[in-house]
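Written out below as structure tokens is the structure these notes cover.
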Ligand code: FUL
């Protein structure tokens with residue numbers, strides 16, 4: 001394995017370089033020198049995504065795997081005092097089986113929890129004894145989740161990343177203060193940075209590192225058994241430095257949540273707002289926010305907790321084990337979540353918890369197969385890409401030296417070519433003509449977000465003859481598009497796959513946009 005390390009010392013060299021002296025910069029004037037625009041590309045509407053945010057968005061649908069100490073204690077949050085031998089897998093955990101199952105479910109990657117709030121590390125870390133090697137169980141000693149997970153993902157051609165809980169209820173250093181009442185940096189330096197660096201060693205091609213936002217409560221804390229909290233997670237974990245270091249080692253990684261590069265969608269129920277900007281916060285974002293901050297929806301594919309609790313057992317508020325709910329949500333429910341997240345300009349990270357044998361249960365695997373088939377049947381065959389399809393737009397930007405902005409760029413299967421209007425043209429009508437009347441269920445649109453998220457309003461209509469048009473999408477707000485928007489033509493995400501609509505023509509009218517609209521893909525299913 002190529003050793004990639006985060007060099008803490010290098011961070012010290014990042015102090016601001018001295019600025020050029022004013023005496024030398026007398027030629028500095030406010031002349032607006034725009035670079036030549038030979039391709040006549042539209043000017044970006046800021047903010048725009050970074051290259052790594054763009055790549056991350058393309059992952060769209062990926063899995064979460066909550067596995068660890070809690071799998072054996074029936075808890076959702078361990079307090080960090082758990083004896084390591086409680087972690088006793090009945091077989092060596094098999095991350096390859098997890099990834100194969102979610103791949104069949106239509107997912108492009110996954111994120112494995114390698115340390116939850118209880119601080120127990122699912123790899124042989126040098127940072128704490130509270131890890132797999134300290135368990136007396138033979139299968140635990142052979143466990144190395146990040147290593148096996150990364151290897152399997154690479155082999156299966158999937159994206160991968162890790163969840164490392166910043167909050168650590170086992171560590172003596174977490175939330176510790178010095179004699180003056182100031183937080184020490186021991187936890188950030190000795191534990192958290194070091195653990196992130198160990199993760200980085202498992203692969204430079206990770207796509208996301210997941211830092212949740214929990215900021216403390218009671219815990220073991222090295223035996224102190226007290227309540228601790230922190231006041232500012234970004235400062236306490238020194239996130240700006242950590243982020244730069246990780247980016248240096250893993251150029252395509254984005255740091256989720258506390259890491260500041262993608263946002264929580266505001267609920268764990270698997271839905272984003274029908275209006276959803278990649279800026280701002282929460283379910284809908286904010287068109288006027290300054291920073292590109294795309295939404296990710298974290299949701300559970302099972303009823304019950306994030307962790308698998310054999311037999312539905314869970315620990316109640318009094319510390320007693322009771323039998324709760326467990327089992328899979330139906331594939332239909334998961335498909336609805338997909339429409340309401342991936343179909344609304346967010347990504348979906350869907351949790352599948354491995355059991356005490358370190359495997360996904362047979363019912364989860366079967367459910368994933370059903371979901372994968374549903375996705376392939378319903379959204380796997382784009383009718384707009386068939387031979388003989390015609391597409392026109394009421395406005396087409398003038399071509400540049402190496403680029404055209406023709407409507408056909410939306411159906412060429414190439415996400416680097418796009419249709420755009422001329423400047424100051426914020427509305428347009430796009431019409432697609434299929435070779436014959438067909439049964440259709442969904443229309444999907446994708447903006448060329450490299451130039452910013454622009455579209456503020458659109459409508460979808462269909463026709464069999466190109467003369468009589470019917471508005472589609474029911475009462476769904478057809479406002480934003482963003483990275484991807486999928487409109488069920490019957491207006492229901494709940495029961496979107498009915499007998500369908502008969503149509504030869506599909507018309508998209510863009511009714512409002514922050515600047516001339518762009519679209520790289522229009523799909524019909
Ligand atoms: C939260 C945690 O507190 C939960 O246990 C779970 O891991 C969820 C995905 O993130 O912040």
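Miscellaneous remarks
- Yes/no for residue 170 being over 30 Å from residue 55 (Cα atoms), in the same structural domain as residue 154 (by TED's automatic domain parsing), part of a loop (DSSP other than H, G, I, E, B) and within 16 Å of the ligand (Cβ to nearest atom): yes
- Among the candidates 311, 273, residue that is crowded, with 17+ Cβ neighbours inside 10 Å and away from the ligand (no atom under 16 Å from the Cβ): 273
- Among the residues of region 133-140, not a single one is closer than 26 Å to residue 236 by Cβ, assigned by TED's automatic domain parsing to the domain that holds residue 79 and surrounded by fewer than 23 Cβ atoms within 10 Å (Cβ to Cβ).
- Residue 482 being crowded, with 20+ Cβ neighbours inside 10 Å, within 19 Å of residue 272 (Cα to Cα) and at pLDDT 95 or above: yes
- The one condition in (1) in contact with a helix residue (DSSP H, G or I) (Cβ under 7 Å, 6 or more places away or on another chain); (2) buried (at least 17 other Cβ atoms within 10 Å of the Cβ) that residue 221 fails to fulfil: (1)
- Checked against (1) free of Cβ contacts under 8 Å to residues at least 40 places away in the same chain; (2) crowded, with 17+ Cβ neighbours inside 10 Å, residue 363 meets all criteria but (2).
- Here is the figure for region 31-88: residues that are in a loop (DSSP other than H, G, I, E, B) and either closer than 22 Å to residue 403 by Cα or more than 16 Å from the ligand (Cβ to nearest atom) (or both) total 27.
- Among the candidates 299, 262, residue that is within 30 Å of residue 362 (Cα to Cα), buried (at least 19 other Cβ atoms within 10 Å of the Cβ), at pLDDT 95 or above and within 16 Å of the ligand (Cβ to nearest atom): 299
- Index of the failed condition, residue 471 passing every other in (1) under 18 Å from residue 382 (Cα atoms); (2) in a strand (DSSP E or B): (1)
- Some residue of region 152-166 being free of Cβ contacts under 8 Å to residues at least 60 places away in the same chain, touching a helix residue (DSSP H, G or I) at 6+ places or on another chain (Cβ under 7 Å), assigned by TED's automatic domain parsing to the domain that holds residue 87 and within 13 Å of the ligand (Cβ to nearest atom): yes
- Beta carbons closer than 7 Å, at least 6 apart along the sequence or on distinct chains, pair a first residue in region 107-122 that is closer than 19 Å to residue 218 by Cα with a second that is in a strand (DSSP E or B) and within 12 Å of the ligand (Cβ to nearest atom) for 115/164.
- Restricting region 200-213 to residues that are buried (at least 18 other Cβ atoms within 10 Å of the Cβ) and within 16 Å of the ligand (Cβ to nearest atom), the residue that is nearest to residue 155 (Cα to Cα): 208
- The listed residue being assigned by TED's automatic domain parsing to the domain that holds residue 350 and within 15 Å of the ligand (Cβ to nearest atom), out of 119, 109: 119
- Residue 279 being out of contact with any helix residue (DSSP H, G or I) (no Cβ under 8 Å at 6 or more places or on another chain) and within 16 Å of the ligand (Cβ to nearest atom): no
- Which listed residue, of 253, 246, is away from the ligand (no atom under 16 Å from the Cβ), closer than 30 Å to residue 172 by Cβ and either at pLDDT below 95 or within 17 Å of the chain's Cα centre (by Cα) (or both): 253
- Residues within region 483-511 that are within 10 Å of residue 444 (Cα to Cα) and part of a strand (DSSP E or B), tallied: 4
- Residue in region 99-106 that is outside any helix (DSSP H, G or I) and either assigned by TED's automatic domain parsing to the domain that holds residue 61 or farther than 30 Å from residue 377 by Cβ (or both) present: yes
- The single residue among 324, 319, 305 that is within 16 Å of the ligand (Cβ to nearest atom), more than 20 Å from residue 486 (Cα to Cα) and without any contact (Cβ under 8 Å) to a residue 24 or more places away in the chain turns out to be 324.
The values are calculated or read from the model by the stated rules, or taken from the named source; none is laboratory data. Worth saying up front: this structure is predicted, and the values here are computed from it rather than measured. With ideal geometry, Cβ positions are generated from the backbone for all residues, glycine too; neighbour counts draw on all protein chains shown.
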